[in-house]
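For reference, the structure is listed below as C-alpha coordinates.
The values are calculated or read from the model by the stated rules, or taken from the named source; none is laboratory data. Small disclaimer: the values here were computed from a predicted structure and weren't measured. So basically every Cβ, Gly included, is an ideal-geometry build from the backbone, and we count neighbours across all protein chains shown. Side chains are part of the model used for accessible areas, which takes the heavy atoms of the whole protein and leaves out ligands, DNA and RNA. Shrake-Rupley method; radii C 1.70, N 1.55, O 1.52, S 1.80 Å.
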Amino acid sequence: MTDSSGKNLLALNCGSSSIKFAVFTDRLERSFSGLVEAIGHDQTPRLKTSAGEKLEFGDPDQGHAEVLPRLINEIVLPRAGAIEGVGHRIVHGGELFNAPVRITPEIRSGISELSPLAPGHQPHNLAGIDAATQALPYVPQIACFDTAFHSDISAVRREMPLPRHYARDGLIRYGFHGLSYEHVAASLSGLGLSSGRVIACHLGNGCSICGMIDGKSVWTSMGFTPLDGLMMGQRPGRLDPGAVLWLVEQHGGDTAAVGKLLYHQSGLSGVSGLSGDMRTLLSSEQPDAGFAVEMFVDRLVQEIGGAAASLGGIDALVFSGGIGENAAPIRSMVLEKLEWLGFSLDAAANAAGASRLTAPESARQAFIVKADEEHIIAQAVAGLLG
(Lines give C-alpha, C1' and ligand atoms only; values in the text may rest on other atoms or scores of the structure.)
Protein backbone atom coordinates (compact mmCIF):
# COMPACT_ATOMS: atom_id res chain seq x y z
CA MET A 1 0.00 0.00 0.00
CA THR A 2 1.18 3.52 -0.70
CA ASP A 3 1.59 5.95 2.17
CA SER A 4 -1.07 8.68 2.04
CA SER A 5 0.81 10.80 4.60
CA GLY A 6 3.05 12.30 1.93
CA LYS A 7 6.11 10.07 2.45
CA ASN A 8 6.10 8.38 -0.94
CA LEU A 9 8.89 8.65 -3.51
CA LEU A 10 8.60 8.21 -7.28
CA ALA A 11 11.44 6.80 -9.38
CA LEU A 12 11.35 7.34 -13.15
CA ASN A 13 13.69 5.37 -15.39
CA CYS A 14 13.36 6.43 -19.02
CA GLY A 15 15.23 4.17 -21.41
CA SER A 16 15.67 4.42 -25.16
CA SER A 17 12.33 2.70 -25.86
CA SER A 18 10.79 2.21 -22.42
CA ILE A 19 9.79 3.83 -19.14
CA LYS A 20 10.12 1.97 -15.86
CA PHE A 21 8.50 3.56 -12.82
CA ALA A 22 8.14 2.68 -9.16
CA VAL A 23 6.58 4.23 -6.06
CA PHE A 24 8.37 3.64 -2.73
CA THR A 25 7.33 4.25 0.85
CA ASP A 26 9.55 6.19 3.24
CA ARG A 27 11.00 2.81 4.28
CA LEU A 28 12.02 2.31 0.64
CA GLU A 29 9.52 -0.49 0.15
CA ARG A 30 8.17 -0.76 -3.38
CA SER A 31 4.39 -0.24 -3.31
CA PHE A 32 3.48 0.16 -6.98
CA SER A 33 5.49 -0.14 -10.18
CA GLY A 34 5.26 -0.80 -13.87
CA LEU A 35 6.72 -0.60 -17.32
CA VAL A 36 5.80 1.05 -20.60
CA GLU A 37 7.70 -0.56 -23.46
CA ALA A 38 7.81 -0.38 -27.26
CA ILE A 39 7.88 3.43 -27.32
CA GLY A 40 8.82 5.02 -30.64
CA HIS A 41 9.97 3.63 -33.99
CA ASP A 42 6.38 3.08 -35.16
CA GLN A 43 5.61 0.71 -32.30
CA THR A 44 2.47 0.79 -30.13
CA PRO A 45 3.44 1.48 -26.49
CA ARG A 46 2.35 -1.22 -24.03
CA LEU A 47 1.81 -0.74 -20.29
CA LYS A 48 1.92 -3.36 -17.58
CA THR A 49 1.80 -2.65 -13.85
CA SER A 50 2.34 -4.51 -10.60
CA ALA A 51 -1.44 -4.30 -10.13
CA GLY A 52 -1.87 -6.63 -13.10
CA GLU A 53 -2.90 -4.06 -15.69
CA LYS A 54 -1.87 -4.77 -19.28
CA LEU A 55 -2.99 -2.42 -22.04
CA GLU A 56 -1.94 -0.47 -25.07
CA PHE A 57 -0.80 2.92 -23.89
CA GLY A 58 -0.48 5.40 -26.74
CA ASP A 59 -0.15 5.54 -30.49
CA PRO A 60 2.76 4.48 -32.71
CA ASP A 61 3.66 8.11 -33.42
CA GLN A 62 3.92 9.00 -29.71
CA GLY A 63 7.25 9.23 -27.95
CA HIS A 64 8.33 9.61 -24.34
CA ALA A 65 7.27 13.27 -24.20
CA GLU A 66 3.67 12.29 -25.02
CA VAL A 67 3.53 9.10 -22.93
CA LEU A 68 5.04 10.45 -19.71
CA PRO A 69 2.41 13.08 -18.74
CA ARG A 70 -0.38 10.56 -19.21
CA LEU A 71 1.56 7.92 -17.28
CA ILE A 72 2.15 10.20 -14.31
CA ASN A 73 -1.32 11.75 -14.17
CA GLU A 74 -3.49 8.76 -15.09
CA ILE A 75 -1.57 5.79 -13.73
CA VAL A 76 0.91 6.82 -11.05
CA LEU A 77 -0.68 9.65 -9.08
CA PRO A 78 -4.14 8.07 -8.59
CA ARG A 79 -2.42 5.08 -6.95
CA ALA A 80 0.53 6.75 -5.28
CA GLY A 81 -1.01 9.18 -2.84
CA ALA A 82 1.12 12.23 -2.09
CA ILE A 83 4.63 12.26 -3.57
CA GLU A 84 7.43 13.78 -1.50
CA GLY A 85 10.24 13.45 -4.05
CA VAL A 86 10.91 12.31 -7.60
CA GLY A 87 14.12 10.68 -8.80
CA HIS A 88 15.27 10.30 -12.39
CA ARG A 89 17.78 8.10 -14.14
CA ILE A 90 19.96 10.38 -16.27
CA VAL A 91 22.13 8.50 -18.72
CA HIS A 92 24.97 10.97 -19.26
CA GLY A 93 26.48 13.06 -16.51
CA GLY A 94 29.65 14.07 -18.34
CA GLU A 95 32.44 15.23 -16.04
CA LEU A 96 30.18 17.60 -14.12
CA PHE A 97 27.86 15.14 -12.39
CA ASN A 98 29.46 12.29 -10.45
CA ALA A 99 26.82 12.04 -7.72
CA PRO A 100 23.04 12.49 -7.36
CA VAL A 101 22.00 16.14 -7.34
CA ARG A 102 18.82 18.10 -6.76
CA ILE A 103 17.45 19.43 -10.05
CA THR A 104 17.32 23.19 -10.54
CA PRO A 105 16.89 25.11 -13.80
CA GLU A 106 20.68 25.35 -13.99
CA ILE A 107 21.14 21.62 -13.41
CA ARG A 108 18.50 20.83 -16.03
CA SER A 109 20.36 23.06 -18.47
CA GLY A 110 23.61 21.21 -17.76
CA ILE A 111 21.91 17.87 -18.35
CA SER A 112 20.45 19.17 -21.61
CA GLU A 113 23.87 20.28 -22.85
CA LEU A 114 25.00 16.65 -22.69
CA SER A 115 22.22 15.46 -25.04
CA PRO A 116 24.52 15.18 -28.09
CA LEU A 117 26.50 12.52 -26.22
CA ALA A 118 23.41 10.37 -25.59
CA PRO A 119 20.79 11.44 -28.15
CA GLY A 120 18.82 8.22 -27.78
CA HIS A 121 18.41 8.68 -24.03
CA GLN A 122 19.07 12.16 -22.66
CA PRO A 123 16.04 13.82 -24.32
CA HIS A 124 13.80 11.12 -22.80
CA ASN A 125 15.36 11.72 -19.38
CA LEU A 126 14.65 15.44 -19.77
CA ALA A 127 11.07 14.64 -20.82
CA GLY A 128 10.68 12.81 -17.52
CA ILE A 129 11.91 15.84 -15.59
CA ASP A 130 9.57 18.14 -17.49
CA ALA A 131 6.53 15.88 -17.09
CA ALA A 132 7.14 15.55 -13.35
CA THR A 133 7.63 19.30 -13.04
CA GLN A 134 4.31 19.89 -14.76
CA ALA A 135 2.43 17.32 -12.67
CA LEU A 136 4.20 18.01 -9.35
CA PRO A 137 5.50 21.58 -9.59
CA TYR A 138 6.48 21.96 -5.92
CA VAL A 139 7.97 18.52 -5.37
CA PRO A 140 11.80 18.28 -5.31
CA GLN A 141 13.42 16.20 -8.03
CA ILE A 142 16.75 14.40 -7.95
CA ALA A 143 18.96 13.44 -10.90
CA CYS A 144 20.89 10.14 -10.66
CA PHE A 145 23.58 9.60 -13.27
CA ASP A 146 24.49 6.36 -15.05
CA THR A 147 28.03 7.55 -15.62
CA ALA A 148 28.80 8.26 -11.95
CA PHE A 149 29.53 4.65 -10.96
CA HIS A 150 32.46 4.55 -13.40
CA SER A 151 33.99 7.91 -12.50
CA ASP A 152 36.90 6.38 -10.54
CA ILE A 153 38.15 4.17 -13.37
CA SER A 154 41.84 4.88 -13.99
CA ALA A 155 42.82 7.55 -16.49
CA VAL A 156 44.69 4.94 -18.54
CA ARG A 157 41.35 3.22 -19.18
CA ARG A 158 39.21 6.34 -19.42
CA GLU A 159 41.31 8.24 -21.93
CA MET A 160 41.52 7.30 -25.61
CA PRO A 161 44.67 6.85 -27.75
CA LEU A 162 44.41 10.40 -29.08
CA PRO A 163 46.36 13.60 -28.32
CA ARG A 164 45.67 14.16 -24.62
CA HIS A 165 44.20 17.60 -25.06
CA TYR A 166 41.05 15.88 -26.32
CA ALA A 167 40.68 14.18 -22.96
CA ARG A 168 41.03 17.55 -21.26
CA ASP A 169 38.16 18.71 -23.50
CA GLY A 170 36.00 15.85 -22.20
CA LEU A 171 36.59 13.18 -24.85
CA ILE A 172 36.96 10.21 -22.49
CA ARG A 173 35.29 6.88 -21.82
CA TYR A 174 32.48 7.57 -19.35
CA GLY A 175 30.69 4.21 -19.19
CA PHE A 176 26.95 3.75 -18.61
CA HIS A 177 24.33 1.57 -16.86
CA GLY A 178 25.91 2.72 -13.62
CA LEU A 179 22.68 2.58 -11.60
CA SER A 180 22.21 -1.05 -12.61
CA TYR A 181 25.80 -1.86 -11.67
CA GLU A 182 25.43 -0.04 -8.36
CA HIS A 183 22.55 -2.38 -7.56
CA VAL A 184 24.62 -5.40 -8.61
CA ALA A 185 27.47 -4.21 -6.39
CA ALA A 186 25.07 -3.85 -3.45
CA SER A 187 23.87 -7.42 -4.06
CA LEU A 188 27.30 -9.05 -4.13
CA SER A 189 27.62 -9.61 -0.38
CA GLY A 190 24.42 -11.66 -0.44
CA LEU A 191 26.06 -13.88 -3.05
CA GLY A 192 29.25 -14.25 -1.04
CA LEU A 193 31.11 -11.97 -3.46
CA SER A 194 31.75 -8.81 -1.46
CA SER A 195 35.41 -9.05 -2.44
CA GLY A 196 37.04 -10.31 -5.61
CA ARG A 197 36.74 -9.93 -9.36
CA VAL A 198 33.20 -9.83 -10.75
CA ILE A 199 32.10 -9.21 -14.32
CA ALA A 200 28.53 -7.90 -14.54
CA CYS A 201 26.61 -7.99 -17.82
CA HIS A 202 23.68 -5.60 -18.17
CA LEU A 203 21.83 -6.99 -21.18
CA GLY A 204 18.67 -5.27 -22.36
CA ASN A 205 17.84 -3.09 -25.34
CA GLY A 206 21.10 -1.41 -24.36
CA CYS A 207 23.95 -3.70 -23.31
CA SER A 208 27.25 -3.28 -21.53
CA ILE A 209 29.73 -5.00 -19.25
CA CYS A 210 31.31 -3.73 -16.05
CA GLY A 211 34.40 -5.27 -14.48
CA MET A 212 34.40 -4.81 -10.71
CA ILE A 213 37.01 -5.41 -8.04
CA ASP A 214 35.58 -5.40 -4.51
CA GLY A 215 32.36 -3.87 -5.83
CA LYS A 216 34.06 -0.92 -7.57
CA SER A 217 34.08 -0.31 -11.31
CA VAL A 218 37.55 -0.66 -12.82
CA TRP A 219 36.61 -1.42 -16.47
CA THR A 220 33.58 -0.95 -18.68
CA SER A 221 32.73 -1.81 -22.28
CA MET A 222 30.89 1.45 -23.04
CA GLY A 223 32.77 4.64 -23.74
CA PHE A 224 32.18 8.27 -24.70
CA THR A 225 28.60 7.52 -25.74
CA PRO A 226 26.22 4.55 -25.29
CA LEU A 227 27.17 3.31 -28.78
CA ASP A 228 30.36 1.52 -27.77
CA GLY A 229 31.04 -2.03 -26.67
CA LEU A 230 28.50 -4.83 -27.03
CA MET A 231 26.04 -5.40 -29.86
CA MET A 232 22.63 -4.13 -28.69
CA GLY A 233 19.00 -3.98 -29.75
CA GLN A 234 19.42 -1.15 -32.25
CA ARG A 235 23.05 -0.10 -31.67
CA PRO A 236 26.08 -1.83 -33.21
CA GLY A 237 28.55 -1.58 -30.34
CA ARG A 238 32.24 -1.48 -31.08
CA LEU A 239 33.04 -0.52 -34.70
CA ASP A 240 36.18 0.22 -36.65
CA PRO A 241 36.38 4.06 -36.72
CA GLY A 242 37.25 3.76 -40.40
CA ALA A 243 33.89 2.06 -40.97
CA VAL A 244 32.15 5.08 -39.46
CA LEU A 245 34.12 7.44 -41.72
CA TRP A 246 33.15 5.27 -44.71
CA LEU A 247 29.48 5.40 -43.70
CA VAL A 248 29.65 9.20 -43.50
CA GLU A 249 31.11 9.31 -47.01
CA GLN A 250 28.46 6.90 -48.30
CA HIS A 251 25.76 9.20 -46.89
CA GLY A 252 27.25 12.27 -48.53
CA GLY A 253 28.53 13.70 -45.27
CA ASP A 254 25.10 13.51 -43.65
CA THR A 255 26.12 12.78 -40.06
CA ALA A 256 22.49 12.91 -38.90
CA ALA A 257 21.65 10.02 -41.24
CA VAL A 258 24.62 8.03 -39.97
CA GLY A 259 23.62 8.84 -36.39
CA LYS A 260 20.15 7.46 -37.08
CA LEU A 261 21.70 4.32 -38.53
CA LEU A 262 23.96 3.80 -35.53
CA TYR A 263 21.43 4.61 -32.81
CA HIS A 264 18.25 3.12 -34.26
CA GLN A 265 18.87 0.81 -37.23
CA SER A 266 21.80 -1.40 -36.30
CA GLY A 267 22.49 -4.11 -33.73
CA LEU A 268 20.05 -7.02 -33.47
CA SER A 269 17.45 -5.09 -35.45
CA GLY A 270 19.73 -4.23 -38.34
CA VAL A 271 21.44 -7.61 -38.61
CA SER A 272 18.24 -9.64 -38.36
CA GLY A 273 16.12 -7.30 -40.47
CA LEU A 274 13.31 -8.39 -38.16
CA SER A 275 13.48 -6.99 -34.64
CA GLY A 276 15.74 -5.68 -31.91
CA ASP A 277 13.77 -7.70 -29.34
CA MET A 278 15.64 -10.85 -28.30
CA ARG A 279 12.37 -12.62 -27.52
CA THR A 280 11.25 -12.24 -31.12
CA LEU A 281 14.57 -13.41 -32.52
CA LEU A 282 14.79 -16.49 -30.30
CA SER A 283 11.32 -17.57 -31.39
CA SER A 284 11.96 -16.92 -35.08
CA GLU A 285 13.03 -19.53 -37.64
CA GLN A 286 14.39 -16.93 -40.07
CA PRO A 287 18.10 -17.50 -40.80
CA ASP A 288 19.05 -13.86 -40.23
CA ALA A 289 17.40 -13.92 -36.80
CA GLY A 290 19.58 -16.86 -35.82
CA PHE A 291 22.63 -15.13 -37.30
CA ALA A 292 21.95 -11.98 -35.23
CA VAL A 293 21.68 -14.06 -32.05
CA GLU A 294 24.93 -15.87 -32.88
CA MET A 295 26.70 -12.55 -33.46
CA PHE A 296 25.31 -11.12 -30.20
CA VAL A 297 26.66 -14.08 -28.20
CA ASP A 298 30.02 -13.99 -29.98
CA ARG A 299 30.51 -10.28 -29.27
CA LEU A 300 29.43 -10.76 -25.65
CA VAL A 301 31.91 -13.59 -25.09
CA GLN A 302 34.72 -11.54 -26.63
CA GLU A 303 34.01 -8.60 -24.35
CA ILE A 304 33.82 -10.84 -21.27
CA GLY A 305 37.24 -12.18 -22.21
CA GLY A 306 38.56 -8.63 -22.49
CA ALA A 307 37.08 -7.72 -19.13
CA ALA A 308 38.64 -10.80 -17.51
CA ALA A 309 42.03 -9.83 -18.90
CA SER A 310 41.59 -6.30 -17.58
CA LEU A 311 40.71 -7.61 -14.11
CA GLY A 312 43.56 -10.12 -14.06
CA GLY A 313 41.07 -12.97 -13.86
CA ILE A 314 37.47 -13.57 -12.85
CA ASP A 315 35.79 -15.00 -9.77
CA ALA A 316 32.14 -14.67 -10.82
CA LEU A 317 29.88 -13.57 -13.66
CA VAL A 318 26.54 -11.79 -13.15
CA PHE A 319 23.71 -11.45 -15.67
CA SER A 320 21.20 -8.61 -15.31
CA GLY A 321 18.73 -6.67 -17.46
CA GLY A 322 15.85 -7.99 -19.56
CA ILE A 323 17.92 -10.35 -21.71
CA GLY A 324 20.27 -11.31 -18.90
CA GLU A 325 17.42 -12.21 -16.56
CA ASN A 326 14.99 -13.83 -18.99
CA ALA A 327 16.81 -15.27 -22.02
CA ALA A 328 17.99 -18.68 -20.80
CA PRO A 329 19.28 -19.71 -24.27
CA ILE A 330 21.59 -16.69 -24.34
CA ARG A 331 22.98 -17.45 -20.87
CA SER A 332 23.47 -21.09 -21.86
CA MET A 333 25.35 -20.24 -25.05
CA VAL A 334 27.57 -17.72 -23.25
CA LEU A 335 28.47 -19.99 -20.34
CA GLU A 336 29.17 -22.94 -22.61
CA LYS A 337 31.62 -20.77 -24.56
CA LEU A 338 33.25 -19.74 -21.27
CA GLU A 339 33.98 -23.24 -20.01
CA TRP A 340 37.67 -22.45 -20.53
CA LEU A 341 37.35 -19.79 -17.82
CA GLY A 342 36.06 -22.37 -15.35
CA PHE A 343 32.27 -22.09 -15.75
CA SER A 344 30.24 -25.30 -15.59
CA LEU A 345 26.59 -24.64 -16.46
CA ASP A 346 23.76 -26.14 -14.43
CA ALA A 347 21.29 -26.54 -17.30
CA ALA A 348 18.27 -27.11 -15.06
CA ALA A 349 19.04 -24.07 -12.90
CA ASN A 350 19.53 -21.93 -15.99
CA ALA A 351 16.25 -23.09 -17.55
CA ALA A 352 14.45 -22.28 -14.29
CA GLY A 353 16.05 -18.83 -14.04
CA ALA A 354 17.59 -19.66 -10.66
CA SER A 355 19.83 -17.19 -8.89
CA ARG A 356 22.88 -19.46 -9.26
CA LEU A 357 23.40 -20.73 -12.81
CA THR A 358 26.46 -22.92 -12.35
CA ALA A 359 26.96 -26.39 -10.89
CA PRO A 360 28.27 -26.73 -7.31
CA GLU A 361 31.57 -28.12 -8.59
CA SER A 362 32.08 -25.23 -11.03
CA ALA A 363 35.41 -23.49 -10.53
CA ARG A 364 33.75 -20.15 -11.27
CA GLN A 365 30.20 -19.16 -10.41
CA ALA A 366 27.57 -17.33 -12.46
CA PHE A 367 24.44 -15.64 -11.11
CA ILE A 368 21.36 -13.67 -12.06
CA VAL A 369 20.76 -10.40 -10.24
CA LYS A 370 17.49 -8.77 -11.18
CA ALA A 371 18.02 -5.17 -12.25
CA ASP A 372 16.57 -2.61 -9.85
CA GLU A 373 17.74 0.82 -10.88
CA GLU A 374 14.55 2.28 -9.43
CA HIS A 375 15.54 1.24 -5.89
CA ILE A 376 18.94 2.87 -6.29
CA ILE A 377 17.18 6.04 -7.49
CA ALA A 378 14.79 5.98 -4.50
CA GLN A 379 17.71 5.55 -2.11
CA ALA A 380 19.39 8.61 -3.60
CA VAL A 381 16.21 10.67 -3.32
CA ALA A 382 15.69 9.63 0.30
CA GLY A 383 19.32 10.41 1.10
CA LEU A 384 19.29 13.90 -0.39
CA LEU A 385 15.89 14.80 1.05
CA GLY A 386 16.79 13.48 4.47
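Quick notes
- For segment 66-213, the fraction of alpha-carbon pairs lying more than 25 Å apart is 39 percent, rounded to a whole number.
- Among beta bridges from DSSP that stay inside segment 59-184, the antiparallel ones total about 40%.
- In Å, descending, principal axis extents of the Cα set of segment 9-91: 40, 29, 16
- DSSP bridge pairs, the chain: antiparallel proportion in percent, nearest 5: 65
- ³J(HN,Hα), Karplus 6.51/-1.76/1.60, whole Hz, each residue of segment 73-87, x for Gly, Pro: 7, 9, 10, 6, 4, x, 9, 8, x, 6, 9, 8, x, 10, x
- Net length available on complete extension from residue 240 to residue 130 is 35.9 nm, with 0.36 nm assigned per residue and the Cα-Cα distance removed.
- Sites residue 359 and residue 55 - FRET efficiency at Förster radius 25 Å, r taken between beta-carbons, to 0.05: 0.05
- Here is how the number arises for the chain: DSSP H runs of 4 or more residues each give -39500 (n - 2.57), the sum is divided by the residue count, and the result at 222 nm is -10500 deg cm²/dmol.
- Solvent exposure of the chain amounts to 43 Å² per residue of accessible area, where only protein heavy atoms count and the probe is 1.4 Å.
- In order along segment 51-56, the phi-based Karplus estimate (6.51 cos²θ - 1.76 cosθ + 1.60, θ = phi - 60°) of 3J(HN,Hα) comes to 7, x, 6, 9, 7, 5 Hz; Gly and Pro are listed as x.
- Spin-label model, residue 298/residue 154: points 7 Å from Cα along the beta carbon direction are separated by 3.2 nm.
- A protection proxy built from the mean count of other Cβ atoms within 10 Å ranks the segments 171-177, 113-119, 281-287, 321-327, most packed first, as 171-177, 321-327, 113-119, 281-287.
- Rounded FRET efficiency, nearest 0.05, which uses the C-beta distance separating residue 115 from residue 213 and R0 of 25 Å: 0.15
- Additional length obtainable on full extension of the chain from residue 370 to residue 279, 0.36 nm per residue less Cα span: 31.0 nm
- Shape analysis of the chain places it in the rounded category; the axes a ≥ b ≥ c from the Cα gyration tensor give an a/c below 1.5.
- Extension gain for residue 169 to residue 70 (0.36 nm times residue separation, less C-alpha to C-alpha distance): 31.7 nm.
- With the charge dipole of segment 118-200 set up from +1 on Lys and Arg Cβ and -1 on Asp and Glu Cβ about the Cα centre, the Cα lying farthest toward the positive end among the listed residues 166, 180, 144 is that of 166.
- Calculated FRET efficiency for the pair residue 108/residue 248, C-beta based, R₀ 41 Å, to 0.05: 0.80
- Cross-link pairs 20/337; 20/260; 20/370 - those with Cα-Cα distance over 21 Å: 20/337; 20/260
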